[in-house]
Amino acid sequence: MITMTSERRSAHAEALAAWPIFGATAPSGPIGGGGITTSGDVLVNQTADGVDLNVVWDEFRDLLGAWNTETTSITDLLSFKTTQTAEAVPQNFATDSMDEASEIGVPTATGGPGDAILCGFTLRDYDKRNVFTWRALKNMDLRQVQSQMDQLLHMDRKLTNGLIMRRLFTPARGRNEFGATVFGLYDGIAPGPPDYLGRTFPSTENHYIASGAADIDSADLEDAIRLIQRKGFGTTADSKIVVFCNPDEAEQIASFRAGEPSRSNGPVARHDFIPANDAPAFLSPGGELIGEQVPGSYFGLKVQGSYGPAIVIQSDYVPPTYVLVAATYGPNAPRNICAFRQHANPAYQNLRLIPGNAGSYPLVESFTARECGTGVRYRGGAVAIQCTTNANYTAPAIAV
């Protein structure tokens, strides 16, 4: 049995008084730091309306599972998921030709994909700490707690859509961690577009356009569509050309009428803008509509209408005075313009919810994380337009 002198007992009591075993804020001083709270010491285990915190945590994990597998966004329509750091991607869809057969000769062999360039893709980590104090959880109902998860999901969509838009609207090339070139669209610098079905293109071909006017006009869209389709993009039945624009530009495009100037003293439009079939009712000048209206949604995204062969999708992720015209082949299609790179280990893919240091109550502290990156795969599949009177295109600042 170990005994203590009266002096040691007194010193021990003073130490306990100064440093509580758990649940206290550390006093000021050079050491600092309180004890670790265990599940048995937890100060709150349910919301103000009686919902167990672990049940809420399980619901959040289920929600993230659905978010990662079922949601459709701009990211999905413009990208193809990959774990590769770089990939040799042919820059058009042209194929080799068959040989005329001979009785003795041997046919030539098919080669690999022609006109391919090595396209690099970035990869970076993004996260956000989610933390509640015990007093907050004790007084918050389930809806208030869920609102934080809603914010995190919106942050994730802002991140993924923003990364894609930033890459497509930025001509400047970059490098990934292995030194591979990360391309934007055709920027007027070699390598330029390869030949396509007998059509040749200059190495200075540029898919970043300064419109020459402060307002979008019909010629801007028609020129962009022409640049894309002449290279073989958006011409097949499984593809669609989409105009992604800010609400300001969407409103202007909605005023385009065939045979009339598309802006003050501007070019005459070749097509009518036709509202989608779920838009407010309207009458054509002759009292009837020629042709069919496009559906009001495209893979879950709201469609405003159509202009010529393109559909118009309004999005706040597109900065004002900028418009993106792009060919898409559907969500996560191999022919989509961008790569959306994720970690090679499936455990690190998609949006993840990671418990913090709160033991049996991870909702008290957790981390939301995503590891991803991007880069252009098909440089001719889109055109970025800036509505400006300046002679040269300037990339926008896009927050992620």
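The values are calculated or read from the model by the stated rules, or taken from the named source; none is laboratory data. What you see is a predicted model, and the numbers here were worked out from it, not measured in a lab. Virtual Cβ from ideal backbone geometry, glycine too; neighbours counted across all protein chains shown.
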- What number goes with the only condition from (1) over 18 Å from ILE117 (Cα atoms); (2) surrounded by 13 or more Cβ atoms within 10 Å (Cβ to Cβ) that ARG167 does not pass? (1)
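Looking at segment 119-136, which of its residues are among the polar types (S, T, N, Q) and either assigned to a helix (DSSP H, G or I) or under 16 Å from the mean Cα position of the chain (by Cα) (or both)?
At the first step, the residues of segment 119-136 found to be among the polar types (S, T, N, Q) are 122, 130, 133.
Within segment 119-136, THR122 is the sole residue that qualifies.
Within segment 309-396, which strands (runs of 3 or more DSSP E) (wholly inside it) include 3 or more residues that are modelled with pLDDT of 95 or more, within 17 Å of PRO171 (Cβ to Cβ) and among the aliphatic types (A, V, I, L, M)?
Values: elements: 310-314, 322-328, 338-341, 352-355, 365-376, 382-386.
In segment 309-396, the matching strands (runs of 3 or more DSSP E) lie at 322-328, 382-386.
Specify which of the listed residues (TYR208, TYR186, TYR196) is modelled with pLDDT under 95 and surrounded by 15 or more Cβ atoms within 10 Å (Cβ to Cβ).
Values: TYR208 fails: modelled with pLDDT under 95; TYR186 fails: modelled with pLDDT under 95.
Selected residue: TYR196, the only one of TYR208, TYR186, TYR196 that is modelled with pLDDT under 95 and surrounded by 15 or more Cβ atoms within 10 Å (Cβ to Cβ).
Given the residues ILE241, ILE216, ILE209, ILE164, which is the only one that is in contact (Cβ under 8 Å) with a residue 60 or more places away in the chain, over 26 Å from GLU87 (Cα atoms) and not in a loop (DSSP other than H, G, I, E, B)? First the steps, then the outcome.
Details: ILE241 fails: over 26 Å from GLU87 (Cα atoms); ILE216 fails: not in a loop (DSSP other than H, G, I, E, B); ILE164 fails: over 26 Å from GLU87 (Cα atoms).
Sole residue among the options that is in contact (Cβ under 8 Å) with a residue 60 or more places away in the chain, over 26 Å from GLU87 (Cα atoms) and not in a loop (DSSP other than H, G, I, E, B): ILE209.
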- Query: Give me the pairs: first residue in segment 329-342 and of a type in the set (Asp, Glu), second residue crowded, with 21+ Cβ neighbours inside 10 Å, beta-carbon distance under 6 Å, and six or more apart or on different chains, which are they?
  - Reply: none
